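Read through the structure below, which is laid out as structure tokens, and then see the notes.
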Amino acid sequence: MGRLDEHIAMITGGTSGIGRRTVERFVEEGARVVFTGRREDKGAEISAGLGDAVAFVRADVTVEGEIEAAIRFTHERYGRIDSLFNNAGAPGVGGSIRNIESEDFDETVALLFKSVYLGMKYVTPIMYEQGSGSIINNASVAGHRTGYGPHIYSACKAAVAHLTRSVATETIEKGVRCNAISPGFIATPIFGRSMGLTADQAEDRLGELEAMASSAGAVGEATDIADAAVFLASDESKFINGVDLVVDGGAIVGRGWTEANRGMGAIAQHLRG
């Protein structure tokens, strides 16, 4: 028995990184999954590997008609949608605030924030009619503290977390839970893309990125976030609503205990000195 037996899920941005691993984990736990992405070749490759339990829909989540169509496809295919993971994302525009172009700003907001709103807009009528469901939105520790991502990315992720909390007060009245996950540093292709690589290049060099990231400090794996999504989709979290679940190995808590005490000890020694 899997934790998601008979479960119907839709996952956006499922062709790489966290999204791809979440598709795999949901299938491992017994779910049937429709996942979206913009690269048809990757979607076909993943579908072939996972078999009849998955279906791929080519969709750009910044386009309202395409995300609506993907949700409609899922509902028509299976007759219900038990969970939606609004996962699709990218680093978006970076650099100094004085150099960010309005067009790049709009594109980043559309991908990281508007797409989440659109997913919730079109899945809630289905879930409300069912009287059940779990909406999961991908936020970030960058929405909690500065210095973890570009300006607009960070602001969008903070907005995702707060929109999740606000919408949760509505959905729970219809038996639908709405929660977010805030990943910390997870070694996925998104970080290669933030350094200027194409999506394919970032995937090809993922092993190199993981090695570099590991030497820089606490780094998680896509599985860590996928497992959190499984938990929030399952009945194990049936009494959890409006929560932004931070999965970052404690990074945003602050400096490590040893480091902090070493620093205070040095100060004390200097003062006694």
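I'd like to compare 41-49, 55-63: which one has the highest average count of other Cβ atoms within 10 Å, and what's the full order after that? Can you show the working numbers first?
Numbers: 41-49: 15.0, 55-63: 19.4.
Sorting 41-49, 55-63 by mean packing, highest first, produces 55-63, 41-49.
With r defined as the distance between the Cβ atoms of Ala69 and Met1 and R0 fixed at 45 Å, what FRET efficiency is calculated, to the nearest 0.05?
Numbers: r = 33 Å, r/R0 = 0.74.
Result of the calculation: an efficiency of 0.85.
Give me a comma-separated list of calculated 3J(HN,Hα) values for the stretch 14-31, in order, Karplus coefficients 6.51, -1.76, 1.60 applied at θ = phi - 60°, integers in Hz, x for any Gly or Pro.
x, 9, 7, x, 4, x, 5, 5, 5, 4, 4, 5, 4, 5, 4, 8, x, 7
Can you grab the distance from the C-alpha centre of the stretch 67-115 to the C-alpha centre of the stretch 30-48, Å, no decimals?
17
Give me a comma-separated list of calculated 3J(HN,Hα) values for the stretch 143-150, in order, Karplus coefficients 6.51, -1.76, 1.60 applied at θ = phi - 60°, integers in Hz, x for any Gly or Pro.
x, 9, 9, 6, x, 9, x, x
Read the figures in this text as sums done on the coordinates, not as results from a lab. Quick caveat: nothing in here was measured; it's all calculated off a predicted structure. Here the Cβ is made from the backbone with ideal geometry for all residues, glycine too, and neighbour counts use every protein chain on show.
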